[in-house]
Amino acid sequence: MRRLGVREADLEESFARSSGPGGQHVNKVSTAVTLVHPPTGVAVTVQDSRSQAVNRRLARERLLDEIERRRRTLAQARRAQAALERRRHSPRPRGLKERILESKRRRSSSKKLRSRVDD
């Protein structure tokens, strides 16, 4: 948690009754854990286990994984945007520019041939 800069005080934890397998224990005890990190808006709900303590640990792990995944995605998007800007402002290579101009000259000459001769 320290590595990602997430403090325990930032987390909002709530408990609810779980559903699915687990029998009477799951039906009577609030074992499902919902963990919310308001600064990032990430929320995780875990009801994998019959034990609330296990679900709390799993919720923290999944929350940290999700925060880390979102940060990686954001950093990757920033790098892609920077690369796009870098490419956008770079001039065309000389060979490419010459090929483009040559194709324009060919196109121009073929269009000139289409004009009427009686003008």
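A quick yes/no check of all residues on (1) acidic (D, E); (2) at pLDDT below 90; (3) in contact with a strand residue (DSSP E or B) (Cβ under 8 Å, 6 or more places away or on another chain):
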{"residue": "S18", "(1), (2), (3)": "no, yes, yes"}
{"residue": "T40", "(1), (2), (3)": "no, yes, no"}
{"residue": "L58", "(1), (2), (3)": "no, no, yes"}
{"residue": "R71", "(1), (2), (3)": "no, no, no"}
* In segment 37-51, what residues are among the hydrophobic types (A, V, I, L, M, F, W, C), over 23 Å from G23 (Cα atoms) and open to solvent by less than 60 Å² (accessible area, probe 1.4 Å)? -> V42, V44
* Could you tell me which numbered condition S103 fails, if it satisfies all but one of (1) free of Cβ contacts under 8 Å to residues at least 40 places away in the same chain; (2) open to solvent by 60 Å² or more (accessible area, probe 1.4 Å)? => (2)
* Determine whether R87 is of a type in the set (D, E, K, R) and surrounded by fewer than 10 Cβ atoms within 10 Å (Cβ to Cβ). => yes
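The values are calculated or read from the model by the stated rules, or taken from the named source; none is laboratory data. For clarity, every value in this text was computed on a predicted model and none was experimentally measured. Virtual Cβ from ideal backbone geometry, glycine too; neighbours counted across all protein chains shown. Just so you know, the surface numbers come from the protein's heavy atoms only, side chains and all, with ligands and any DNA or RNA stripped out. Shrake-Rupley method; radii C 1.70, N 1.55, O 1.52, S 1.80 Å.
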